[in-house]
Amino acid sequence: MRGLLIFSVLSLSGLLSFPSWADEVEGEDPFFGPDKALHFSVSAALGSGSFALLDALSAEDEGWQHASLAMSAVLTVGLAKELYDEAWGSGFSSRDLFWDVAGGVFAVGLSWLVWELCHDG
């Protein structure tokens, strides 16, 4: 449970200090634009699905390992999508990446909490 607390604190501090809107104009990419819910949702689904898959396939019984690998998957896919957008799409959006991270942190944190509650005792 201590690891979950550390994960939560680090994730929250990372989200709060993320410079996602410093260099962008509000009109071009609004922080609460319609695509942001999609970024959050897809990242949440990827995070929770990765956590569940890792738990099912892993012989290790450590929730922090599942959480760190699931979050790595979320970050990798989110960053790859933004790099694709930079090269061939609408351009890199750090606001989209912020919502990717937020969705991943929410889902992986919730998955880890449920995992801890089920494995406690």
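Candidates 97, 113, 57: the one that is at pLDDT below 95 and loosely packed, with under 14 Cβ neighbours inside 10 Å is 57. Tell me, yes or no, whether segment 73-86 has at least one residue that is surrounded by fewer than 12 Cβ atoms within 10 Å (Cβ to Cβ) and over 17 Å from the mean Cα position of the chain (by Cα). Yes, because at least one residue in segment 73-86 is surrounded by fewer than 12 Cβ atoms within 10 Å (Cβ to Cβ) and over 17 Å from the mean Cα position of the chain (by Cα). Cβ-Cβ contacts under 7 Å between residues 6 or more apart (or on different chains), taken from a first residue in segment 77-103 that is among the polar types (S, T, N, Q) to a second residue that is in a helix (DSSP H, G or I), are listed as 93/82; 93/85.
When 116, 82, 62 are checked against the criterion of being under 19 Å from residue 28 (Cα atoms) and acidic (Asp, Glu), 82 stands alone in meeting it.
The values are calculated or read from the model by the stated rules, or taken from the named source; none is laboratory data. Bear in mind that the values here come from a model prediction, so they are computed numbers and not experimental data. Glycine also receives a Cβ, built like all others from the backbone with ideal geometry; neighbour counts cover every protein chain displayed.
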